[in-house]
Amino acid sequence: MERVLPQRLYLDHAATTPMTSRARDAMLHGVEIWANPSSPHAEGRSARAALEEARSAIGAAYGWRGEVLLTSGASESLWIALRRGIVGRRLVSRVEHDAAMRAAGDQAEYVPVNGDGRVSPEALREQLRSGAEKTNSKSAPPLVCIQWCNSETGVLQPLREIAEVVHEADGLLFVDAAQMPATSELADLADFVALSGHKRGGPPGIGALLVRDLGTLLPTGGQERGYRAGTENLPAALGYAAALEEPEPDHAARRARLDDAIRRSGGLVVGENAPRNPAIGSYRLPGVSANAQLIRLDLEGIAVSAGSACASGSLKPSHVLRAMGWTEEETREVVRVSFGRTTTEADIDRFIHAWRSLARGARILAA
C-alpha cells in the first residue's frame, strides 16, 4: 500500500516567511508599470514616483525620520554600514549574525554576552571607555552593531540601555532588526538599521538600510542617493512596502505553551530567562543530535531548522550558543522553531506531539 505523506507544516519562518497576498499583488502591479526609475521619460518618472511612495511607506512603518536606502536585503545593509560608515572602532556582539561578523572584518572588536545571550550595558560602557583611552582618538565615532532579536535563539537585547551607553560615548548604534516586526521604537534609538523584506512577508531580494544622517556614510556613486549602485528593484520594493501594511500576530501564548511542553518532555529552552521574540523558540533535546531531529521531523512533515549553521553538509557548532557558554556537544542538539502569520494552535499541537515522540525515543535509548 502506498504511504500517504503527511501535510507539510512549516515552522521555519525566521529563515523566510511566505509572501502575503498584498505583497504579491503589489509586485504584480510593479511588473505592470515597470520602467527604469532613473529614466527621464514618462514611464521612468511613473516608476520613480511608485518607488518613492514605497520608500516613504517603508520608512513610515518604522517611524523613521532619516533616509531610507533600498538594498537587496539585511546582509547588504549590514555590509554598507559596517564597511562604509565614517567611523573609527567597529564593535559587534559575539552573537551577531554571520553576515555582520563578515562585514565588520578582521579589525572588529567583539562584545561578550552573558549566559542568556545578552550584552551587558555596563560591560559595553567599560569596553567603549577603555578602548577610547587606548586609541586616544576622538576624530571618528565608534560604531556598535547589535542584533536586536537573535536569529537563532530569539533573545532580545536591552536595546534602549545599549543606545544610552553608545550615545554617551559619542558613538553610533547600528541595529540589525531583520527578525523584528515593524516598530517606531527604533526611531529614537538607532543611527543605522538593517531590514529584510522576506522576513516580514515581502519578497526576497529587497531590504533597507535606515540612516539617521547620510554624513556618517561614505557614498560610492550610482543609485540610492549615490550610496548603492544598480537599477532599483521596483516590484520588490512595492511588495515589501505592502507587506509592512499587514499586522503580524502576537505568538506569545503559543510560544509559552510550546516552552512548557518542551520542559515537561525533558527538553531545554534556550535563553529561557531572557526576554525573547514570541515568534522564535530554540530548544535542546539532550541525547539527540539536531541533525537527527531535523530528519525525523521532516519525515513527519514538519520543517524547522537547526540552531547552528550548515556547512558542507554537516552542522557546525553555533557561535551564538558557544558565546552563551554552551559546550560544542550541547550546541549540536538544538533546533529552532519559528512562527509566522500562517501558524495556528493546531500546528503547535502537532509539533508538540512529534517532539514528545522524539523525547520518548531518547529516553528509551538512554535506559
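The values are calculated or read from the model by the stated rules, or taken from the named source; none is laboratory data. Every value quoted in this text rests on a predicted model; they were computed, and no experiment measured them. Glycine also receives a Cβ, built like all others from the backbone with ideal geometry; neighbour counts cover every protein chain displayed. Keep in mind that these areas ignore ligands, DNA and RNA; they rest on the heavy atoms of the full protein, side chains included. Shrake-Rupley method; radii C 1.70, N 1.55, O 1.52, S 1.80 Å.
Annotations for the structure displayed:
- Note on segment 310-325: residues that are modelled with pLDDT of 95 or more, open to solvent by 40 Å² or more (accessible area, probe 1.4 Å) and not in a helix (DSSP H, G or I) total 1.
- Total residues in segment 251-267 satisfying the condition of being surrounded by fewer than 16 Cβ atoms within 10 Å (Cβ to Cβ) and either among the aliphatic types (A, V, I, L, M) or closer than 30 Å to ALA50 by Cβ (or both): the figure is 3.
- Residues satisfying the stated conditions in segment 156-194, i.e. outside any loop (DSSP other than H, G, I, E, B), touching a residue at least 40 places away in the same chain (Cβ under 8 Å) and within 22 Å of ALA15 (Cα to Cα): LEU156, PHE174, ASP176, VAL193, ALA194
- Checked against (1) open to solvent by 60 Å² or more (accessible area, probe 1.4 Å); (2) under 17 Å from LYS199 (Cβ atoms); (3) in contact with a strand residue (DSSP E or B) (Cβ under 7 Å, 6 or more places away or on another chain), GLU248 passes all but condition (3).
- Number of positions in segment 88-124 that are open to solvent by less than 20 Å² (accessible area, probe 1.4 Å) and closer than 13 Å to VAL166 by Cβ: 6
- In summary, helices (runs of 4 or more DSSP H) completely within segment 1-93 and bearing 1 or more residues that are touching a residue at least 40 places away in the same chain (Cβ under 8 Å) and hydroxyl-bearing (Ser, Thr, Tyr) occur at 74-84.
- Just one of the listed residues (ILE280, ILE302) is of a type in the set (A, V, I, L, M), within 27 Å of GLN157 (Cα to Cα) and crowded, with 18+ Cβ neighbours inside 10 Å, and it is ILE280.
- Number of the exception - ARG102 against (1) in contact with a Lys or Arg (Cβ under 9 Å, 6 or more places away or on another chain); (2) assigned to a helix (DSSP H, G or I): (1)
- All of PRO18, PRO40 fail the test of being touching a Lys or Arg at 6+ places or on another chain (Cβ under 8 Å) and loosely packed, with under 15 Cβ neighbours inside 10 Å, apart from PRO18.
- Figure legend. Inter-residue proximity from segment 246-272: first residues more than 13 Å from SER282 (Cα to Cα), second residues surrounded by 15 or more Cβ atoms within 10 Å (Cβ to Cβ) and modelled with pLDDT under 95, beta-carbon distance below 7 Å, spacing 6+ or different chains. Indicated pairs: SER265/ALA359; GLY266/ALA359.
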